[in-house]
Amino acid sequence: MSRPLFLRIVDAVENHDNYFKQRRDIIGRLGLSYLQKTTAVFRMLAYGLPADATDEYIKIGESTAIESMKRFCRAVVEIFSEESMSERCGTCFWSPPVTLCNCERASSVLEKRSDT
């Protein structure tokens, strides 16, 4: 994936959902950045990594990775649903193209993993 396309997706998701905005905690420390959260999601989707595997590379906990995945999928569907995600063209960013069904499937798998 090209860097401009990655940043377009990440910026759109960050602007769509405040969950991805970096915030400070009660004592003033910065929390996780939107890049950390979305990179964890991309790695889980691209490589089929479990949520707890992202902790070693991106320094993000399992529950945060799961929540990021759910919110990312929801945001992508809401933002890009008007664009055709099933056609192979310059605006497609997934291989294979993501559909609502795939995002729902990913969310349900993560929910099942978090319940166990």
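The values are calculated or read from the model by the stated rules, or taken from the named source; none is laboratory data. Given the structure is predicted, the values throughout are model-derived calculations rather than measurements. So basically every Cβ, Gly included, is an ideal-geometry build from the backbone, and we count neighbours across all protein chains shown.
Annotation note: of Ile79, Ile60, the sole residue that is outside any helix (DSSP H, G or I) and either hydrophobic (A, V, I, L, M, F, W, C) or at pLDDT 85 or above (or both) is Ile60. Within the set Leu7, Leu49, Leu30, Leu45, the sole residue that is within 19 Å of Ser81 (Cα to Cα) and without any contact (Cβ under 8 Å) to a residue 24 or more places away in the chain turns out to be Leu7. For the stretch 21-41, the set of residues classified as under 11 Å from the mean Cα position of the chain (by Cα) and either crowded, with 17+ Cβ neighbours inside 10 Å or in a loop (DSSP other than H, G, I, E, B) (or both) consists of Tyr34, Gln36, Lys37, Thr38, Thr39, Ala40, Val41, listed by residue number. Each residue in the stretch 50-61 was checked for being crowded, with 16+ Cβ neighbours inside 10 Å and not small (Gly, Ala, Ser), and 3 pass. Does Thr54 fit the bill of being of a type outside the set (Lys, Arg), closer than 16 Å to Asn15 by Cα, under 13 Å from the mean Cα position of the chain (by Cα) and part of a helix (DSSP H, G or I)? So Thr54 does not fit the description; no.
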